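Shown next, in structure tokens, is the structure this report addresses.
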Amino acid sequence: MNAPQQGNGAEPAWVKAAASQSRLAFGLAVTELGRRDERVVAVGADTLDLIGLRGFIEHTPARVIDVGIAEQNAMGVAAGLATTGLRPFVCGYAPFITARSMEQIRNEVAYADQRVVIGAAASGVSLAVSGGTHHALEDLALMRSLPNMTVLVPADAHEAWHATQATDEVDGPAYIRLGGRVPEPPVTPVDAPFNLGRATCLAEGSDVAVIACGALVAPAVAAAEELARQGVGARVLNMSTIKPLDEDAILAAAEETRGVVTAEEHHLTGGLGGAVAELLAVRRPTPMRLVGMPDEFAVVGPTDRIRARYGMSARHIVDACLDLLG
Amino acid sequence: MSNREALLRALREQALQIRRNTWRALRAAGSGHMGGSLSAADLLAALYFHYLNLRPDEPDWPERDRFVLSKGHANTALGAVLAQAGFVDDGFIDTFYAYESRFGMHPDIKVPGVEMCTGALGHGLSVGLGMALGSRLQGKNWRTVVMLGDGELQEGSNWEAAMAAAHLAPLRLTAMLDYNKVQQSGHVAEMLGLEPLADKWRAFGWSVRECDGHDMAEIVDALDALPAVPDKPTLLIAHTVKGKGASFAEDTYLWHNNLVADEVYEKAMTELGEPA
């Protein structure tokens, strides 16, 4: 696996400001969009610093609306803004901005098909020390189940920046899953435009395919390197769009390898693994293993230890691949 | 007859027609929410034929005033007033609950003149707040009115929106409460009382006005006096009677949502001065 390629020009200012954190890259991208397009509005729920929107506030304070700790209201307000032709980005904590305002998202955003982009920081167990109340391990299942919704899971800060820019082309609602305060190792290039709805191949291989998203992409790449040392060729797909799903890439991976392993920082029900399994069960039944959070609530601890304890690490991906290949 | 008398007379006629068309839709469907539709009829007539600045032949006109029916179960009356105002054909009324109709139990944003899918209670005020913010951010003058039900004020999200609206003012935002005192399973005061309601909203930073929601002169005067206090959102508490205009359905939860057989329809229409 090659290190991410840098562009020829000087490193864009946002790269340093994002500090390898996708949540900050999202906020910087929203700020950039806001400079170009006066229809862009940021809506927060006491979350503007969480998302890194100080630059937007300094540039255009009127277009940054924080309604306080009230996610339901934030989502309704965003939908109302969208009906008037504005382009709201709602910024919140993943566990609250999804589950707390789920009915507003379903009705006013998805059902009413409004162009609202939801940036959800601190997803998965990125705030693992906060405990189960603050883990977001069901958000992909919730968002993926809504018609009209686009669901994006950037693998790092670079991809978060480009994915946020790419929502400019989305006509309806979109959900962007973001990390917390733990730095996310870069696995995608600084300058690669986001190809919405398309997986990117980070490693070639024809023995097994690892389809990963978000925080599990870097471990998937590391797992492929370990498998290569053991003589196993693993294809790694970064599935940064969960919906609409890149069916072609998944079907090709199933056809051209001996099985598929999915890897995500999400419950094993309803997330990326579920989406891939739903597709393959119908279109091309394929041996699969699912790497992710089992059906339980996590204990408190540092994020890396929680990931390791519940089976969301490079070692677990390697084990799943070897188990699959028998 | 003075202009004012002519206006009030025309609005009363529209309100009567909303009630008749409400029963017409209910009969077509065989059932529905009559209580909260009939209580809102006079308010809707005053809004659509006097207060709101709308273009029925150009429903997406960007400068239009916005109206959100947060108590979306009164969609029967909304469908009636949209037809009477010319947003949809008169025949729309007869499609209530019909297969593939856009006229279901709750408002559908795809219907010309409908601004949001509502009826999941407690959602409309937040949406209206977003619309009012959208008006201000774009330097526009159009106004937003949200009609609330009393039962739905039991939903906490209303109070999030109320607090935020006062904090984010000035906004051209009015909430109109159809205070008919009855919800699905009984009287509001017995289910989960709202009083002292005006004091609560004042404490949340709103100006509050009250009127008889069936007295057209009072409704028009209250609307014409908006905003009640500059720079504050206004709550207009309209005291109404659930099921107004059908004696058998008034002030009882039994006619919140009920079946409508032909004899019920005929009785209701007779009371509205139009023998079926």
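Where a number appears in this text, it was derived from the coordinates with a stated rule and is not lab data. A quick note: this is a predicted structure, and the numbers were derived from the prediction, not measured. As a convention, Cβ positions derive from the backbone with ideal geometry for all residues, glycine included, and neighbour counts pool all protein chains shown.
Couple of notes before you dig in:
- For region A:48-166, the relative contact order comes to 21 percent (Cα pairs under 8 Å, sequence separation of at least 6).
- In chain B the longest region clear of GluC sites (Glu not before Pro) that are loop-assigned by DSSP and have at most 15 other C-beta atoms within 10 Å covers B:101-276.
- Helical contribution to [θ] at 222 nm, DSSP H n ≥ 4, -39,500 (n - 2.57), averaged over the protein assembly as shown, rounded to 500: -11000 deg cm²/dmol
- Other residues lying with their Cβ under 13 Å from the Cβ of A:Gly233 contribute a combined charge of -2, Lys and Arg counting +1, Asp and Glu -1.
- For the residue pairs A:Lys16/B:Lys232; B:Lys110/B:Lys140; B:Lys71/B:Lys232; B:Lys200/B:Lys244; A:Lys243/B:Lys232; B:Lys181/B:Lys232, alpha carbon separations beyond 32 Å are given by A:Lys16/B:Lys232; A:Lys243/B:Lys232.
- With contacts taken as Cα pairs under 8 Å and at least 6 residues apart, chain B reaches a relative contact order of 22 percent.
- Cleavage-rule hits, GluC sites (Glu not before Pro), region A:27-120, DSSP coil, Cβ neighbours within 10 Å at most 15: A:Glu38
- A:His266 sits among other residues whose Cβ lies under 11 Å from its own Cβ, and their net charge, with Lys and Arg +1 and Asp and Glu -1, is -2.
- With respect to chain B, whose longest principal axis is taken over its alpha-carbon atoms, helix B:3-29 is tilted by about 60°.
- Counted over the protein assembly as shown, the DSSP beta bridges are approximately 15% antiparallel.
- Chain B: angle of helix B:75-85 to the longest principal axis, Cα-based, in degrees nearest 10: 90
- Per-selection Rg to Rh, region B:40-96 - Cα, Kirkwood hydrodynamic radius: 0.94
- Loop-resident sites, region A:137-241, for GluC sites (Glu not before Pro), counting at most 12 other Cβ within 10 Å (DSSP): A:Glu204
- For region B:126-276, the share of alpha carbon pairs falling in successive 10 Å distance bins from zero is 11, 35, 30, 17, 7, 0 percent.
- One compactness figure for region B:1-61 is 1.30, namely its Cα radius of gyration divided by 2.2 N^0.38 Å.
- Where both bridge residues fall in region A:1-147, DSSP classifies roughly 5% of the beta bridges as antiparallel.
- Between the alpha-carbon centres of region A:241-295 and region B:165-239 there is a gap of 52 Å.
- Proportion of all alpha-carbon pairs of region B:116-172 beyond 15 Å (%): 45
- Calculated over region A:1-143, the projected area of the Cα convex hull averaged across directions stands at 10.2 nm².
- The ellipsoid that matches the Cα gyration tensor of chain B has semi-axes, each √(5λ) in whole angstrom, of 27, 21, 18, with the longest given first.
- The radius of gyration of the Cα set in region B:12-121, together with its Dmax, comes out at 12.5, 38 angstrom.
- Shape category assigned to region B:151-233 from the gyration tensor of Cα positions, a/c cut at 1.5: oblate
- The chymotrypsin sites (Phe, Trp or Tyr not before Pro) of region B:75-126 that meet both conditions, a loop assignment by DSSP and at most 12 other Cβ atoms within 10 Å of the site Cβ, are B:Tyr99.
- In units of the rule-of-thumb radius 2.2 N^0.38 Å, region A:221-307 shows an alpha carbon radius of gyration of 1.18.
- Highest-MSF residue in chain A out of A:Val125, A:Val210, A:Val190 [GNM, Cα springs under 10 Å]: A:Val190
- Packing-based exposure ordering (other Cβ within 10 Å, fewest first) of B:Trp159, B:Trp255, B:Trp61, B:Trp206: B:Trp61, B:Trp159, B:Trp255, B:Trp206
- For the pair B:Arg102 and B:Ala6 in one chain, pulling the backbone fully straight at 0.36 nm per residue adds 31.1 nm over the alpha carbon distance.
- Summed side-chain charge close to B:Asp65 - residues other than B:Asp65 whose Cβ falls under 11 Å, Lys, Arg +1, Asp, Glu -1: +4
- Scattering profile of the protein assembly as shown at q = 0.09 Å⁻¹ [log10 I(q)/I(0), Debye over alpha-carbon scatterers]: -0.75
- Tail beyond 26 Å, pair distance distribution of region B:58-202 (Cα, percent): 29
- Remark: spin-label model distance B:Glu195-A:Glu103 equals 2.7 nm, labels positioned 7 Å along the Cα→Cβ axis.
- Here region A:115-225 is described by how far its Cα atoms reach on the three principal axes: 38, 36, 26 Å, from widest to narrowest.
- Cβ-Cβ FRET estimate between B:Asp221 and B:Arg55, R0 fixed at 22 Å, reported to 0.05: 0.30
- Shape category assigned to region A:161-315 from the gyration tensor of Cα positions, a/c cut at 1.5: rounded
- Between helix B:157-168 and chain B there is an angle of about 40 degrees, using the helix long axis and the longest principal axis of the Cα atoms.
- In percent, rounded to a whole number, the relative contact order of region A:49-117 is 33, using alpha-carbon pairs under 8 Å and six or more apart.
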